[in-house]
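**Q** Let me give you the structure first, and then I'll get to my questions.
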Amino acid sequence: MSKHPEDNLYAMRHSLAHIMASAIQHIWPDAKFGVGPVVEHGFYYDIDIGDVSISDDDFPKIEKEMRRIIKQAQLFERSEMQIDEAIAWASQAKQPYKQELLYDLKREGTTLAHELDGAMMGLDLPAGITGASASRAEVGDVSFYKNGDFFDLCRGPHVPSTDKVGAFKLMRVAGAYWRGDESKPQMQRLYGVAFETDKELRKHLAMLEEAKKRDHRKLGQELDLFVVSDLVGPGLPLFTPRGTVLRNELIKFSEELQRDAGYEAVWAPHMTRTELYKVSGHYEKYPERFDVSSTESSDEFMMKPMNCPHVTQIYASRPRSYRDLPLRYMETTTMYRDEKHGELHGLSRVRALTQDDSHAFVRHDQIEDEIRSILAMVRHMYSVLDLPLSVDLSFRDDTKGDYYGDETVWASAQSVMEAVAKEEKLDYKIELGEAAFYGPKIDIIVTDALGRQWQCATIQLDFVQPERFELEYTDESGAKQRPAMIHKAMLGSIERFLSVYIEHTAGKFSVWLAPEQVRIITVNQEDDTIAFAEKTREQAKDLGIRLTVDNSHDSVGKKIRNAEVMKVPYTIVVGDKEISSNKATPRIRKDMQVQADAGEHDIHDLLKTVAHEAKARVSKTSL
């Protein structure tokens, strides 16, 4: 992904946002424009065209006009205006959204630096003033860019001329409130994708088509994994028996790894006094997440949106010695956040999220070893799950956020994290400004089968909460010391991880994860055939195998197709021959096969092999 303004692809995509806005203005001269930033794989522009609704049917004419502008090789010409001149321009041009941004710039320096950065709006600041510091800067001149007859408030960058923008395609249109505020007008957000070459564009479009087939919401319904009920509410998925197998097997894997590394299970209630989060600092930092659920005798209670402050109270419940550390606690727990309806999406963004949430309380001299131990667990887990990983070191950037804690301690923590990343030969990059308010993070980024990247696991180093909760231990000399707190979640949100993993595998789960590991298909409805199938099911149950029997009146061919649709790893067809010999040739899902023909096997031995594969968490058959 092109993220940086100095990248040529970034300039191409930003230029295409202007070309698209120019084309729209030619087709709808009264169009009013909001912001038009670069986003992953492309660009968008927020547009207000009154009662006109843009649809997919309009894309060909917009693209045709864009190509006409591109063919003309119009220059992108930069100019500047004093802020009052710019406001007058916006008024005369009947661009109220630009005018509102300019008034904010004039009045407050900018209280919306993040918005302006994202939109690449025109703001010249004194050297070195960016991000949060911009709110204290005095605005100088503002910059504009012109191509052809289109003139727009903009900070750049752009390519030299419109014919240097590569390949593009308009993709979709969505509603978006101006500046994300539901009290403000709803605009139309028109998205496009763009790449340097036609070949890259075609590859991306092919990936999107494949992604549609793998959409976890579609597969979730087809494979009977989870449902969303209007009565229960959006963002609150319900997991079926098959989907619950997936959840439970993943949780079991995570907890096994943690127990082996010395973590002990704890439990915290799902409701708490809001005071807990005021002490931790979360309440002040994320007020939108804290909705009071109950009030009693002037005391406020709420459903928990995170778990770490609860765990501090287990640590604080008794005196601790240096000999006790590290203390490692784990809990797979559900948390609740009142996400906006428009941001909810299948399992990837929900209101009830479950995390394999864990915390280690360590002496400062134990930090490095503990991080190494966690990284070893993470590497093993994602190797088994066949998800390649890289690492973002999410560090502090004082120009982009407010952080708690001493800067010297932060610098030391970040130094330790980078040293471990180097020594462990991790594929990492540093992301300034992405740290938690209480400490730096190691965010684990996985790459799925379509080449998309997702942040899943996280390791966070925290000196702030131990300070705010006054956590202590007694050192060798009898003096009181403050422990460090290491947060980790190896899967992250179980729901979000499943959204990634369902699409990564296209629903073809390894035998250890598969909700249904073996399916027996009966050739006929005779009593001895049914009895044999049921006997086989009991044998499988004793071995811990999830086996079902299809004894329906459908043809054998249809039963086999049904098993394939449900992506069952092993299918065994049982008739008179199999009953007399107790042998069968299993049908093995193609992605699991090493060789084309598995051959005939004793059915009980076959079940023992499946049980062994499930226990070993392998992805390929050993048959």
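Taken together, the values in this text are just the output of simple stated rules run on the coordinates, not laboratory data. Model, not experiment: these values are computed from the prediction. Every residue, glycine as well, gets a Cβ built from its backbone with ideal geometry; the counts of neighbours run over all protein chains shown.
**Q** Would you calculate the separation in nanometres between label points at Y286 and D163, each defined as 7 Å from the Cα along the Cα-to-beta-carbon direction?
**A** That separation, rounded to one decimal, is 5.1 nm.
**Q** Restricting to DSSP loop positions (anything but H, G, I, E, B) with no more than 13 other Cβ atoms inside 10 Å of their own Cβ, which GluC sites (Glu not before Pro) remain in the range 521-575?
**A** For GluC sites (Glu not before Pro) across the range 521-575 that sit outside H, G, I, E and B with at most 13 neighbouring Cβ atoms in 10 Å, the list reads E526.
**Q** Would you mind calculating the relative contact order of the range 423-475 from Cα pairs under 8 angstrom and at least 6 residues apart, reporting the percent as a whole number?
**A** Relative contact order comes out at 29 percent.
**Q** If you don't mind, another one. Note down the net charge around G262, summing +1 for each Lys or Arg and -1 for each Asp or Glu among other residues with Cβ under 14 Å from its Cβ.
**A** Residues near G262 contribute -3 overall.
**Q** Near K608, which aspartates and glutamates are there with a Cα under 16 Å away, not counting those fewer than 8 places off in the same chain?
**A** E516, E538, D542, E600
**Q** In the range 151-225, which GluC sites (Glu not before Pro) are in a loop and have at most 12 other Cβ atoms within 10 Å, using DSSP for the loop call?
**A** Filter output for the range 151-225: E182.
**Q** Here is a follow-up. What list do you get for E476, E264 if you sort them by fewest beta carbons within 10 Å?
**A** Exposure proxy ranking, most exposed first: E476, E264.
**Q** While we're here: Counting other beta carbons within 10 Å of each residue's own, what order do W410, W267 fall into, fewest first?
**A** W267, W410
**Q** Hey, another quick one. Please tell me which of these pairs span more than 26 angstrom C-alpha to C-alpha: K164/K203; K278/K422; K304/K441?
**A** Distance filter (> 26 Å) returns K278/K422.
**Q** Taking the Cβ of each residue in D475, D181 as the centre, tally the other Cβ atoms inside 10 Å and list the residues starting with the fewest.
**A** The most exposed by this proxy come first: D181, D475.
**Q** Distance check, please: which entries in K213/K535; K567/K615; K64/K146 exceed 31 angstrom between their Cα atoms?
**A** K213/K535
**Q** Show which aspartates and glutamates lie in cross-link reach of K94 when reach means a straight Cα distance below 15 angstrom and same-chain residues fewer than eight apart are skipped.
**A** Within the straight-line limit of under 15 Å, K94 reaches these aspartates and glutamates: D30, D48, E85, D152.
**Q** Relative contact order (percent) for the chain, with alpha-carbon contacts under 8 angstrom and 6 or more residues of separation?
**A** So the answer I get is 10 percent.
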